[in-house]
1. In the list Thr157, Thr216, which residue meets the criterion of being among the β-branched types (Val, Ile, Thr) and within 15 Å of Met316 (Cβ to Cβ)?
2. Of the residues Glu155, Glu130, only one is at pLDDT 95 or above and over 16 Å from Gly68 (Cα atoms); which?
3. Quick one: is Glu191 in a helix (DSSP H, G or I), charged (D, E, K, R), surrounded by fewer than 24 Cβ atoms within 10 Å (Cβ to Cβ) and touching a helix residue (DSSP H, G or I) at 6+ places or on another chain (Cβ under 9 Å)?
4. Could we say that Tyr128 is farther than 26 Å from Ser418 by Cα, surrounded by fewer than 21 Cβ atoms within 10 Å (Cβ to Cβ) and among the aromatic types (Phe, Trp, Tyr) here?
5. Read through the list (1) surrounded by fewer than 21 Cβ atoms within 10 Å (Cβ to Cβ); (2) at pLDDT 95 or above; (3) of a type outside the set (A, V, I, L, M, F, W, C), then give the number of the only condition that Pro420 fails.
6. Residue pairs, Cβ under 6 Å, 6 or more apart or interchain, first in segment 415-427 and at positive phi, second of a type outside the set (Ser, Thr, Tyr) and not in a loop (DSSP other than H, G, I, E, B). List them.
7. Here is a list of conditions, (1) more than 22 Å from Gly272 (Cα to Cα); (2) buried (at least 18 other Cβ atoms within 10 Å of the Cβ), and Pro102 meets all of them except one; can you say which number that is?
8. Within the bounds of segment 419-436, is there any residue that is more than 25 Å from the chain's Cα centre (by Cα), outside any strand (DSSP E or B) and among the hydroxyl-bearing types (Ser, Thr, Tyr)?
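The values are calculated or read from the model by the stated rules, or taken from the named source; none is laboratory data. The shown structure was predicted, so the numbers you read here are calculated from the model rather than taken from an experiment. Methodologically, a virtual Cβ is constructed for each residue, glycine included, from the backbone with ideal geometry; neighbour enumeration extends over all protein chains shown.
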Amino acid sequence: MSDQTVQTSNGRENRSIWIVIIATFMIAVILIVLISLPARYGGIKGFFAPKNNEPVQYPVVLVHGLGGFGEDRAIADMQYWGATTGSLPDYLRGQGYTVYAPSVGPFSSTWDRTCELYAQLTGTTVDYGEAHAKAHGHARFGRTYDTALVPDWGEKTSDGQRVKIHLISHSFGGETIRMLTSLLAYGDEAERKASGKDVSGLFKGGKSDWVFSVTTICAPHNGSALTCIVDELGSVAGIDNTTDLLVDLLFKILKMNTGSAVMPDLMLDQFGIVPGTKSSEEISDALKKIETAGNDHAFYELSPDGAAKLNAQIRMADNVYYFSYAYSTTKAGTRIGGMVPEKKTMPLLYPLALLLGGYHGTTPGGIAIDESWQDNDGLVSVVSAQYPTKDPHENYTPDVKPHPGVWYVMPTLRGDHSSPAGLNQPISVYHQMFTDMLARVEGLR
């Protein structure tokens, strides 16, 4: 056989090998595409389903404040959201929105409330985190929710749209929804290290696109100066730690007559207080746990120093829209100076608004409470409700095009701290506020 014949034969073999390699590569690419595209668009059925390109509806989640409750726990047929105006969730549903109003621990810390909210939205067991539970001496796991409030939250529809949520809060609920958004986006390194593969999805991060908007109403972003007033009154009475005193008084009142009255459900299972607890000894033991939990309760985080520590933990998500509403029930005092409450202020809040309107001082942590804190809603100063001091912000005007990752401070509304819950408010004004709010965030899509 001649050398030319051998070279020709080898050339054919080489071409055959390259043809096989190229064909194999092309088949692999086609297989990858066939597998990945349906996954990207909601599975095989979703991939081949007709696409209508209509925007997916984002559910609305309402989160209550201190001492509050969700839609499942109406008191005397009165809802937290809506109060004397009727059920706000039902009204918004009538306007075409999907609305949820879950219950979280009424007196629990922001961290614990956030873990409870996440478990309800996803239909999982509450995981307070291995590191957090050890640091504060309570159980890691809480209640199990078999059904997710938002069953498709975070998933993608047939045309590739992510199912996100709008988060709206009142009062201390503002800290809860801020923490939820932050943990979804960035997770928590301490919990990832402590739990390893067993870490909750809340602490993994990488879910910044699960939330579309955050709206807070009367939120104590920078704390409430009322805690400072209580501290000063306590020092006069010789009480060193008024925060622990408030916790102690609260639970002592709740456990009175436990021989004949069942302990209300405070969602404090992590501390051993479960629904139906009647034993005074059990409640006392649980109370001691809470008092020694390292400020793992709402009362500390309502103080300016506690709020500052909390704000250091919470980060804004770059792709989430943020809005804040503050209420004012005070006006400039003509005789005594400072700010004084208007006559229409709820009677229970009137003396508190008066105290806040004239207070100034410095917290143990060195935060100056000056005249800028005096305008208030009866519980929270306007300056605290507008935005966390460390976060980027600007005043909202109709000609402003909002950008994610920035607080847009809405014009201050007239009313007291109870107004956003539906108390001391005309029904038409109350409903209009929320429909305008939702129309605004939906218009950003």
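1. Thr216
2. Glu130
3. Yes: the conditions hold for Glu191.
4. So Tyr128 does not fit the description; no.
5. (1)
6. Gly422/Ala83
7. Of the numbered conditions (1) more than 22 Å from Gly272 (Cα to Cα); (2) buried (at least 18 other Cβ atoms within 10 Å of the Cβ), the odd one out for Pro102 is (1).
8. yes
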